[in-house]
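First up is the structure itself, then whatever we jot down about it.
Read-outs: derived from the displayed coordinates by stated rules, not from any lab. All figures in this text were calculated on a predicted structure; none of them were measured in a lab. Cβ: placed from backbone, ideal geometry, glycine included. Neighbour counts: every protein chain shown.
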Amino acid sequence: MGLLSREAIEQMGFASVGNDVQISDRASFYGCARVALGSKVRIDDFCVLSAGAGGICVGDYVHIAVYSSLIGAGAITLSDFCNISSRVSIYSSNDDYSGAALTNPTVPSQYTGATHADVFLGRHVIVGSGSVILPGVTLEDGVAVGALSLVKSTCKAFGIYAGQPVVRISERKRDLLELEHRFMADQAHPT
């Protein structure tokens, strides 16, 4: 994977960029002025981040794997330590599929019934490959979403969810909170 230089990243016009950000030279960005990237972020090949009015906020230690997309007019937030597996789609906008309105962004908004709602992923959320997250969803801290899942409603903290639509199938261990604490201590005082 070819990575953009720090200079190239800064020239893109992001709202903010933390330290040690790795962005593939094959990723695409729209509305960079509404995209904030934390530190230790990695965005892989063929990802698309298209920030509408609500913007996209990516925390620290976040990975967005190949072919993933974050798209829409509502705000999209990925909190610290989120992991977005390959081919995940996160939408903060949705067309009206009923036939009561026209669809797609080439049509003026007065003729469409598109809705917009913020999407929030808490700390330590992991989303499995091929999953789709729809507008208005909150994944609370520690949620794990299995591969090929459809998420259309809020998922409660430290649950493991899977399915179309997702259901809570198990509890996720909280050991990672202690590991985070030790990791952050090591980062503050490297040997």
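Pick out, in residue order, every one of the chymotrypsin sites (Phe, Trp or Tyr not before Pro) in the range 84-182 that is DSSP loop and has at most 14 other C-beta atoms within 10 Å; say none if there are none.
Counting only loop positions with at most 14 other Cβ atoms within 10 Å, the chymotrypsin sites (Phe, Trp or Tyr not before Pro) in the range 84-182 are 97.
Note the full-extension length gain between residue 171 and residue 150 as 0.36 nm times their separation in residues minus their Cα-Cα distance, in nm to one decimal.
Answer, rounded to one decimal: 5.7 nm.
Just to check I understand the Karplus step: with θ = phi - 60° and J = 6.51 cos²θ - 1.76 cosθ + 1.60, what whole-Hz values come out for the range 22-29, glycine and proline as x?
Going residue by residue, I get 10, 10, 4, 6, 10, 7, 10, 9 Hz, with x marking Gly and Pro.
Taking the Cα centre as origin and putting +1 on Lys and Arg beta-carbons and -1 on Asp and Glu beta-carbons, what dipole magnitude results for the chain, to the nearest 20 debye?
340
Relative contact order of the range 13-121, please, whole-number percent, based on alpha carbon pairs below 8 angstrom and at least 6 residues apart.
So the answer I get is 20 percent.
Stick to the Cα atoms of the range 78-191, pair each with every other, and give me the Kirkwood hydrodynamic radius in Å at one decimal. Intermediate results must be reported in sequence, preceding the final value.
On the way: mean 1/r = 0.0642 Å⁻¹.
Evaluated on the range 78-191, it is 15.6 Å.
When only DSSP loop residues count, what trypsin sites (Lys or Arg not before Pro) in the range 158-191 have their Cβ near at most 14 other Cβ atoms within 10 Å?
Taking the range 158-191 and a limit of 14 other Cβ atoms within 10 Å, the loop trypsin sites (Lys or Arg not before Pro) found are 173, 174.
Please find the FRET efficiency linking residue 39 to residue 95, where r is the Cβ-Cβ separation and R0 is fixed at 35 Å, and quote it to the nearest 0.05.
Once rounded, the FRET efficiency stands at 0.50.
Once the dipole of the range 142-184 is set up with Lys and Arg at +1 and Asp and Glu at -1 on Cβ about the Cα centre, which of 146, 165, 179 lies farthest towards its positive end?
165
Could you work out how far the C-alpha centroid of the range 15-70 sits from that of the range 123-191, in angstrom?
19
Pick out, in residue order, every one of the trypsin sites (Lys or Arg not before Pro) in the range 98-166 that is DSSP loop and has at most 16 other C-beta atoms within 10 Å; say none if there are none. Intermediate results must be reported in sequence, preceding the final value.
Numbers: sites: 123, 152, 156; in loops: 123, 152, 156.
For trypsin sites (Lys or Arg not before Pro) across the range 98-166 that sit outside H, G, I, E and B with at most 16 neighbouring Cβ atoms in 10 Å, the list reads 152, 156.
If you bin the C-alpha pair distances of the chain every 10 Å from 0, what whole percents do you get?
Per 10 Å bin, starting at 0, the Cα pair percentages come out as 10, 35, 34, 18, 3, 1, 0.
Students often forget the sequence filter, so: which aspartates and glutamates lie under 13 Å Cα-Cα from residue 156 once same-chain residues fewer than 8 apart are removed?
Within the straight-line cut-off, residue 156 pairs with 140, 141, 171.
Given the options 130, 99, 55, which has the most mean-square fluctuation in a GNM of the chain, springs set between C-alpha atoms less than 10 angstrom apart?
Of 130, 99, 55, the most mobile in the Gaussian network model is 99.
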